[in-house]
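Please read the structure below before turning to the comments.
The values are calculated or read from the model by the stated rules, or taken from the named source; none is laboratory data. Because the structure is a prediction, the values reported are computed rather than measured. Methodologically, a virtual Cβ is constructed for each residue, glycine included, from the backbone with ideal geometry; neighbour enumeration extends over all protein chains shown. Please note that ligands, DNA and RNA were not included when accessible areas were found on the heavy atoms of the full protein model with its side chains. Shrake-Rupley method; radii C 1.70, N 1.55, O 1.52, S 1.80 Å.
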Amino acid sequence: MEIEKLARENIRKLKPYSSARSEFSGRAEIFLDANENPYPSGLNRYPDPLQRTLKKKISALKGVAEENIFLGNGSDEVIDLLIRIFCEPIKDHIITLPPTYGMYQVSAGIAGVEVRKIPLTPDFQVDVPLILNMANNFSKLLFLCSPNNPTGNSLEKESIQYLAKYFKGILVIDEAYIDFSKQGSCIELLRDFPNIVVMQTFSKAWGLAGIRLGMAFASKPIIDFLNKVKPPYNINQLTQNAALEALGNIKEVQKRKEEILVERKILRQKLTAFLFVQHIYPSDANFLLVKVETPDALYDFLIQKKIIVRNRSKVLLCEGCLRITVGTPEENEKMLKALASYQV
Ligand SMILES: *Cc1c(COP(=O)(O)O)cnc(C)c1O
């Protein structure tokens, strides 16, 4: 498959901005090339536009070569860039599989790109034959989310692999919750398929939603396009510093993640006991999708108690459901206590 041919013509032809820091990135004593302020503040210099130190660490951790890594201002920036690289407004479209993460549709909407929706099956899996039937030459991007938000389940690996093989556009696999999952990452598929993008993020298991850092793993042609189109200094120095610190402290991140997994199990057990809880879906993520008798009333009740969950009860296939993030043991206890005082 030729990735080049999938990209928009204007992007293929684009001559990217060449920043001072990318024209000269070697060692020197005096930098008078970027109109920076010479007085040191720790942050007076522009950051490395390609975040090489950070990518080295991520490369070692994930077993992916640096040239196959792109870093975005959150995964949300990667989603936006991919749509703008591959989708010609009005002509091309993306495919999403609702119920799923809302940003795919919003980014497409901003770019003036059509969204074709092929719902997940009732057990929240991918309808592979239907997708391949519906797809055509204008289906440039197919977004899969695994584990899926808001349903919490992982998509079957065989389905993902089959789509990677037979879908003729770019398959984007959003793994924002992969660290909480029993199922392994699709990063291993990168070896065989030049048309997939695996997205991960520092926002969930890493506990760094505030720094806005998303990762994309893909073949070199796709990474090259992302680098060509991104704002030159899209990952600021503070973010790079914070991520490096976290990468030097992986044991702590792991420990927190394990605690969340233990808490997820406890929360599931305790929620099951409430009569108004009709179903708790299996979760491979740090949240539970919970079907309740009176979702809107329960949602409002929790707000009164100053506890905010996500009301997904109007979302296709999630009728009656609230999405509840696993909090600290104390937070979860407080929520359970509030629920115990709820009268249907
Ligand atoms: C939370 C989340 C993200 C994270 O996006 P960032 O921009 O990296 O914070 C991405 N995808 C899904 C499905 C999510 O739920």
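Tabulated data
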{"quantity": "Residue satisfying all of: in the range 260-299; free of Cβ contacts under 8 Å to residues at least 24 places away in the same chain and within 27 Å of the chain's Cα centre (by Cα); least open to solvent (accessible area, probe 1.4 Å) among these", "calculated": "I280"}
{"quantity": "Answer from I178, I173, I223, I211 - the residue that is modelled with pLDDT of 95 or more and out of contact with any Phe, Trp or Tyr (no Cβ under 9 Å at 6 or more places or on another chain)", "calculated": "I178"}
{"quantity": "Helices (runs of 4 or more DSSP H) wholly inside the range 213-305 containing at least 3 residues that are over 23 Å from V326 (Cα atoms)", "calculated": "220-229, 237-247"}
{"quantity": "Any hit, the range 12-22, residues being assigned to a helix (DSSP H, G or I), aliphatic (A, V, I, L, M), under 30 Å from L141 (Cβ atoms) and touching a residue at least 60 places away in the same chain (Cβ under 8 Å)", "calculated": "no"}
{"quantity": "Number of the exception - K220 against (1) open to solvent by 60 Å² or more (accessible area, probe 1.4 Å); (2) more than 16 Å from the ligand (Cβ to nearest atom); (3) free of Cβ contacts under 8 Å to residues at least 40 places away in the same chain", "calculated": "(3)"}
{"quantity": "Some residue of the range 85-102 being free of Cβ contacts under 8 Å to residues at least 40 places away in the same chain and crowded, with 17+ Cβ neighbours inside 10 Å", "calculated": "no"}
{"quantity": "Among the residues listed as F287, F276, F225, F217, the single one being among the hydrophobic types (A, V, I, L, M, F, W, C), in contact with a Ser or Thr (Cβ under 8 Å, 6 or more places away or on another chain) and closer than 30 Å to E77 by Cβ", "calculated": "F287"}
{"quantity": "Filter result (touching a helix residue (DSSP H, G or I) at 6+ places or on another chain (Cβ under 8 Å) and either under 27 Å from D179 (Cβ atoms) or in a loop (DSSP other than H, G, I, E, B) (or both)) within the range 132-156", "calculated": "L141, L142, F143, L144, S146, P147"}
{"quantity": "Members of the range 104-127 that are open to solvent by 60 Å² or more (accessible area, probe 1.4 Å), farther than 17 Å from F138 by Cα and assigned to a helix (DSSP H, G or I)", "calculated": "V106, I110"}
{"quantity": "Selected residue (criterion: modelled with the lowest pLDDT) from residues of the range 306-344 that are of a type in the set (V, I, T) and loosely packed, with under 13 Cβ neighbours inside 10 Å", "calculated": "V344"}
